[in-house]
Amino acid sequence: LRPPIPVPQTLSSLLPSSPSYRGLTLVLTFLSYASYHLSRKPISIVKSQLHLNCSALGPNPHNDSNSTTWCDWAPFDGDNYNELFGALDNAFLVAYAIGMFISGIFGERLPLRYYLSGGMVVSGLFTALFGLGYFWDIHVLWYFIIVQVCNGLVQTTGWPAVVACVGNWFGKGKRGLIMGIWNSHTSVGNILGSLIAGAWVSSAWGLSFIVPGVIIAVMGVICFFFLVEYPEDVDCNPPQHHVMTTSEKDPEAVISNEGPLSLSGQSSVDHSKAPKEPAEEPEAISFLGALRIPGVVEFSLCLLFAKLVSYTFLYWLPLYIVNVAHFGAKEAGDLSTLFDVGGILGGIFAGLISDYTGGRASTCCVMLVVAAPMLFLYNHVGQNGIGVSVAMLIICGALVNGPYALITTAVSADLGTHESLKGNAKALSTVTAIIDGTGSVGAALGPLLAGLISPTGWNNVFYMLIAADVLACLLLARVVVKEARGWCGPMARQRGYVAA
């Protein structure tokens, strides 16, 4: 039996109902993962400060007239500074991709609240350690590399835990729309991280890391005291994770799924007398067991290519705008945020449509199919005026990030509570980690490939992105066919009934 995690009595008195706890879960997990992204963002802001154009700052105070790197931070003062910055990025992304496959296994076997809050506190420590390199006057590359690797590993505690918590509280009915809105935490965290890091980047860049590190650690403490993992821990009713007809359900299963909502009087009494018998926890699912869940492999590989496209835009879009549209660095950075705005809209739209149609894979596939020609158009006509550029960035952001957001949220929660598990909810973290871990491989590959291909021309980079989009779509073909057959069945039966 899984003993319930103690919840503070003050919280129980303030939030007497299940909707209140669901709202609290959404808010806390939103803020938690926003703080994860908030703590990842400073490195992209501080890079420009680690290697500056020193000649623009006036004479060298050290009276070395031949030095043009006196204001740079060693070891990033050499001509190979771009390669060193790339090493920092890849240290984090590769560690994150590897760690994600392991993180879900631990997440299923440890209390999610402890796992998430502990990961946030430790992540805050490593984020702050990077910034302390400024105050400790550290100029050794390996110090920053090791901190990035450790932070990448620790940050894998976040995504499986928050998706599992939200999945535990919300059933399948409107999960796509709810998680589509909830998934905007990524963009909110990126924006806040940019603003916070930018406040100190020119004066004392170490604070650009220390302040976000403190913020995520504080959020970890708040989650430790107030996050509730399971509805059963506070005597609330578990949601219905998959739709079944009444004839397919065992009567006892109906009572355990619906609780007091269907048999308000007697069910609540039975629930209070013996709440742990139907809630007995089976063993956590194995890695191979999670791979056998229908759809996990297909959506994981699809996300690999979808996230490859998304992260290539994340890391290379400002530079592309500077080189092709000839905007300044600040204007290019501001313009690139429109891609994130489109991503928010695309995630909400994808969740809404998939809830209405019941076709997660079909929604992703259609958006990926439309994204391919839109990427081609953006590369060829997207810079013909500011209005066209704004419109194309929002459209491309919606089509590229919509499937990515849907797969990492609602699809992961659906597969982690798949009906083949027969009520075993101990697969959410493992399934989420497998899907996002595979996607993180693409996140590491995309910027790397763009860096290798871009010297041959930006057209070739976009051809690579379009090819990745098409591959992501093809990998979902089997699941799309299965969904189409599911739609055709009821329609055929209805036509037969009318003809009879």
Does any residue in the range 199-215 that is part of a loop (DSSP other than H, G, I, E, B) come within less than 6 Å, Cβ to Cβ, of a residue that is open to solvent by less than 20 Å² (accessible area, probe 1.4 Å) six or more places away or on a different chain, and which pairs are these? 201/46; 201/208; 205/46; 206/131
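Test of understanding: among 309, 324, which residue is closer than 23 Å to residue 371 by Cβ, in contact with a Phe, Trp or Tyr (Cβ under 9 Å, 6 or more places away or on another chain), surrounded by fewer than 19 Cβ atoms within 10 Å (Cβ to Cβ) and not aromatic (Phe, Trp, Tyr)?
Values: 309 fails: surrounded by fewer than 19 Cβ atoms within 10 Å (Cβ to Cβ).
So the residue among 309, 324 that is closer than 23 Å to residue 371 by Cβ, in contact with a Phe, Trp or Tyr (Cβ under 9 Å, 6 or more places away or on another chain), surrounded by fewer than 19 Cβ atoms within 10 Å (Cβ to Cβ) and not aromatic (Phe, Trp, Tyr) is 324.
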Of all residues in the range 191-210, count the ones that are over 26 Å from residue 411 (Cβ atoms), open to solvent by 20 Å² or more (accessible area, probe 1.4 Å) and within 22 Å of the chain's Cα centre (by Cα). 4
For the range 149-190, which residues satisfy the criterion of being within 18 Å of residue 410 (Cα to Cα) and of a type in the set (Val, Ile, Thr)? 162, 163, 166, 178, 181, 186
Quickly run through the range 175-198 and pick out the residues that are touching a residue at least 60 places away in the same chain (Cβ under 8 Å) and among the aliphatic types (A, V, I, L, M). 177, 178, 179, 181, 188, 191, 192, 196, 197
Selected residue [within 16 Å of residue 217 (Cα to Cα), at pLDDT 85 or above and not small (Gly, Ala, Ser)] from 115, 134, 96: 115
Among the residues of the range 358-370, are any surrounded by fewer than 22 Cβ atoms within 10 Å (Cβ to Cβ) and at pLDDT below 85? yes
Any hit, the range 378-392, residues being at pLDDT 90 or above and open to solvent by 50 Å² or more (accessible area, probe 1.4 Å): no
Among the numbered criteria (1) over 17 Å from the mean Cα position of the chain (by Cα); (2) under 29 Å from residue 82 (Cα atoms); (3) not β-branched (Val, Ile, Thr), which single criterion is violated by residue 118? (2)
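Do any helices (runs of 4 or more DSSP H) lying entirely in the range 98-190 carry at least 3 residues that are open to solvent by 10 Å² or more (accessible area, probe 1.4 Å), and which ones are they? Even if it seems obvious, please write down each step before you answer.
Numbers: elements: 112-135, 141-154, 158-169, 175-182.
Passing ranges, in order: 112-135, 141-154, 175-182.
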Can you find, within the range 72-97, the residue that is surrounded by the most Cβ atoms within 10 Å (Cβ to Cβ) among those that are more than 20 Å from residue 37 (Cα to Cα) and in contact (Cβ under 8 Å) with a residue 24 or more places away in the chain? 76
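Out of everything in the range 328-356 that is of a type in the set (S, T, N, Q) and modelled with pLDDT under 85, what residue ends up being surrounded by the fewest Cβ atoms within 10 Å (Cβ to Cβ)? Write out each step before concluding.
Of the residues in the range 328-356, the ones of a type in the set (S, T, N, Q) are 336-337, 354.
When the remaining residues are screened for being modelled with pLDDT under 85, the result is 336-337.
On the way: 336: 21, 337: 17.
Checking each candidate, the answer is 337.
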Does residue 375 satisfy being at pLDDT 90 or above, surrounded by 19 or more Cβ atoms within 10 Å (Cβ to Cβ) and touching a helix residue (DSSP H, G or I) at 6+ places or on another chain (Cβ under 7 Å)? yes
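Going through the range 279-291 one residue at a time, which ones are surrounded by fewer than 17 Cβ atoms within 10 Å (Cβ to Cβ) and either under 22 Å from residue 471 (Cα atoms) or at pLDDT below 75 (or both)?
Looking only at the range 279-291, we keep the residues that are surrounded by fewer than 17 Cβ atoms within 10 Å (Cβ to Cβ), and these are 280-283, 286-289, 291.
280, 281, 282, 283, 286, 287, 291, listed by residue number.
The values are calculated or read from the model by the stated rules, or taken from the named source; none is laboratory data. All values derive from a computational prediction rather than experimental measurement. Backbone-built Cβ (ideal geometry, glycine too); neighbour counts: all protein chains shown. Ligands, DNA and RNA are stripped out before the accessible areas are found, and what is left, the full protein with its side chains, is counted by its heavy atoms. Shrake-Rupley method; radii C 1.70, N 1.55, O 1.52, S 1.80 Å.
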